[in-house]
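A quick write-up on the structure given underneath.
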């Protein structure tokens, strides 16, 4: 028996429909309703965030919220006609559950002062001083997701890496390849001589691919034709190790519009470039919290893509 007249679904910021639904909810609830700045409609955190959308029985969007890689819940927006009916609570609880799945030890949020009692009922406690934003007082809150182990533990260094120009991006990519043990995930609109073409990079890819049971390298590549015509050395390696190095080609418009480039390894490392042609982004060696949304996005795109059979040896 269904107890609630709404349901929660994952939103994909790269999909026009999902993105516009979220932005419209924010405009109506946060900007027009609460008078928050227009910048709250979207920001640089949206492409990397995990988004949830609440929809009524007619599939109309009635609420939205997000979870960003810096472990923050934010942009909770519920239509006035649906407030007080459990929509906000459902969004909040599902985001907390997702954070727990990611292995995060805590989640943070900034709550309007009058809503602190609501968040307190959900296990959030103050963790900072009150501050003012757009004429409203806000209270920083946090919620611990797992019990601290005995003894005092030093906070883990995420191993942030430079990714500000071609030289630092190349160096960070090589380091992340060297850190990988058995699995890698790579997304590239185009495979050219600047990506995974050097002898040391190919050697690391070969090492991972032959590391034993469980070895797997997944590559999402948009322009497979160019890689084939140019005879990229990674394609040749994939042909020789086709059972381990798998290449898929995105086919949905929403995925083909994604021009970012990223590399994910199995030790919590990532390199993310919002524009694969522009050597400027962010990277870390062991930041599973920051890596988790990228892993989820990659997995979803992988499932929607098709095997790049044109890159297999002899086309077989």
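Observations
- Those residues of the stretch 212-246 which are out of contact with any strand residue (DSSP E or B) (no Cβ under 9 Å at 6 or more places or on another chain) and on the phi < 0 side of the Ramachandran plot, in sequence order: 213, 225, 226, 228, 229, 230, 232, 233, 236, 240, 242, 243
- Residue satisfying condition, being touching a residue at least 60 places away in the same chain (Cβ under 8 Å) and in contact with a helix residue (DSSP H, G or I) (Cβ under 8 Å, 6 or more places away or on another chain), within set 261, 290, 225: 225
- Identity of the residue in the stretch 281-311, out of contact with any strand residue (DSSP E or B) (no Cβ under 7 Å at 6 or more places or on another chain) and surrounded by fewer than 16 Cβ atoms within 10 Å (Cβ to Cβ), that ends up modelled with the lowest pLDDT: 310
- Selection count, the stretch 178-210, where residues are surrounded by 15 or more Cβ atoms within 10 Å (Cβ to Cβ), at negative phi and touching a helix residue (DSSP H, G or I) at 6+ places or on another chain (Cβ under 7 Å): 13
- With respect to being in the same structural domain as residue 173 (by TED's automatic domain parsing), part of a loop (DSSP other than H, G, I, E, B) and in contact (Cβ under 8 Å) with a residue 60 or more places away in the chain, residue 296 falls outside the description.
- Restricted to the stretch 182-269, the set of helices (runs of 4 or more DSSP H) holding at least 3 residues that are over 20 Å from the mean Cα position of the chain (by Cα) comprises 199-209, 224-230, 233-240.
- Boolean, residue 158 is surrounded by 15 or more Cβ atoms within 10 Å (Cβ to Cβ) and modelled with pLDDT under 90: yes
- For the stretch 26-43, a residue qualifies if it is out of contact with any strand residue (DSSP E or B) (no Cβ under 8 Å at 6 or more places or on another chain) and touching a residue at least 24 places away in the same chain (Cβ under 8 Å), and the qualifying residues are 33, 35, 37.
- Criterion (under 20 Å from the mean Cα position of the chain (by Cα) and at pLDDT below 95) met by exactly one of 94, 83: 94
The values are calculated or read from the model by the stated rules, or taken from the named source; none is laboratory data. What you see is a predicted model, and the numbers here were worked out from it, not measured in a lab. With ideal geometry, Cβ positions are generated from the backbone for all residues, glycine too; neighbour counts draw on all protein chains shown.
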